Amino acid sequence: DTAVSQTPKYLVTQMGNDKSIKCEQNLGHDTMYWYKQDSKKFLKIMFSYNNKELIINETVPNRFSPKSPDKAHLNLHINSLELGDSAVYFCASSQVSYGPTDTQYFGPGTRLTVL
Amino acid sequence: SQKIEQNSEALNIQEGKTATLTCNYTNYSPAYLQWYRQDPGRGPVFLLLIRENEKEKRKERLKVTFDTTLKQSLFHITASQPADSATYLCALVKREYGNKLVFGAGTILRVKS
């Protein structure tokens, strides 16, 4: 009965490779997010989708491309991986995109290590 | 520039005492503020939300205050237990479409028995 799930949990890859992280939520939420948590533990939003529509796109390199096939899924594809991409990536979801009940539910995270 | 600051050093307290964590912000006008708990190797878990027009919010042993004049939120855990040991993150919600949460770096709380 996992609410927000991510795969894989760990991802170790070489510089220059392309990789994807998958996220699924079974909460029936309309909005999903991708966050990056770096070594200093800052959690920064990267993207947000509301019902498959991109609504937040922070200053993220074009190598990062989110894809939402339906409102329960938000995948993150990363091209030409660089050392600085090493971090923990969290997927999250919320019921609405703006309002008093918009607490966010986070997945367990994907630890990406680029060698 | 906009900043959210939380105690950078870990807070060590004795079991049974009240833990108080601070979140200060500058150059924001948040609609509301949230507190999350994060355990090692896990995603943040929502704890409490407080709106700009609320002074205080409580949930069991947790209490949050929000002072928009001081630009500060305090997070209290009363009768703390070792199981409360974790990193606590404050997050501001900005007044814009997209429910953009801006997080502080978090404060590590260690409760010793």
Solvent-accessible area lost in complex, 50 Å² minimum, residues of the stretch A:40-58 relative to chain alone, 1.4 Å
A:Phe42, A:Leu43
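Using a simple charge model, +1 on the beta-carbon of Lys and Arg, -1 on the beta-carbon of Asp and Glu, nothing else, what dipole does the stretch A:2-115 show about its Cα centre, in debye to the nearest 20?
Dipole of the stretch A:2-115, to the nearest 20 debye: 280 debye.
Just to be sure I understand: if you take the accessible area of chain A alone plus chain B alone and subtract the pair, with a 1.4 Å probe, what total do you get in Å², rounded to 100? Write out the running numbers ahead of the final one.
Details: alone 6610 and 6630 Å², together 11340 Å².
Buried area (both sides, nearest 100 Å²): 1900 Å².
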Note, B:Leu62: beta-carbon cut-off 12 Å, +1 each Lys/Arg, -1 each Asp/Glu, net +3
Derived scalar couplings ³J(HN,Hα) [the stretch A:50-55; Karplus, 6.51 cos²θ - 1.76 cosθ + 1.60; whole Hz; x for Gly, Pro]
10, 6, 6, 9, 5, 10
Setting aside same-chain residues fewer than 8 positions from B:Lys100, which aspartates and glutamates have a Cα under 12 Å from its Cα?
A:Glu58, A:Asp102
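Would you mind calculating the gained length between A:Ser39 and A:Ser65 on full extension (0.36 nm times residue separation, minus the Cα-Cα distance), in nm to one decimal?
7.2 nm
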Set of the stretch B:36-74 residues, backbone N closer than 19 Å to the point 7 Å along the Cα-Cβ line of A:Thr2:
B:38-46
Hey, can you find the accessible area per residue of chain B for me, probe 1.4 Å, expressed in square angstrom?
50
Would you calculate the separation in nanometres between label points at A:Asn57 and B:Glu15, each defined as 7 Å from the Cα along the Cα-to-beta-carbon direction?
5.3
At a probe radius of 1.4 Å, what is the per-residue accessible area of A:His77, in Å² to the nearest 10?
60
B:Thr20 - accessible surface, heavy atoms, 1.4 Å probe, Å² rounded to 10:
60
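What FRET efficiency comes out for the pair B:His76/B:Glu5, r = Cβ-Cβ distance, R0 = 30 Å, nearest 0.05? List each step's numbers first, then the result.
Values: r = 18 Å, r/R0 = 0.60.
Once the sixth-power term is evaluated, E becomes 0.95.
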Which of the residues in the stretch B:42-70 lose at least 20 Å² of accessible area when you go from the chain alone to all protein chains together (probe 1.4 Å)?
B:Gly43, B:Pro44, B:Phe46, B:Leu49, B:Arg51
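Quick check: residue separation of A:Val96 and A:Arg111 times 0.36 nm, minus the Cα distance between them. What number comes out in nm? It would help to have the intermediate numbers written out before the result.
Numbers: separation 15, 0.36 × 15 = 5.40 nm, distance 2.72 nm.
Additional length available on full extension: 2.7 nm.
Please report the carbon-and-sulfur percent of the accessible area for the protein assembly as shown; probe 1.4 Å, protein heavy atoms only, DNA, RNA and ligands left out.
Numbers: 5420 of 11340 Å².
Reported share for carbon and sulfur atoms: 48 percent.
The values are calculated or read from the model by the stated rules, or taken from the named source; none is laboratory data. Since the model is a prediction, treat every value here as computed from it, not as a measurement. Ideal geometry is used to build each Cβ from the backbone, glycine not excepted, and the neighbour counts take in all protein chains shown. The accessibility values were calculated without ligands, DNA or RNA, using every heavy atom of the protein model including side chains. Shrake-Rupley method; radii C 1.70, N 1.55, O 1.52, S 1.80 Å.
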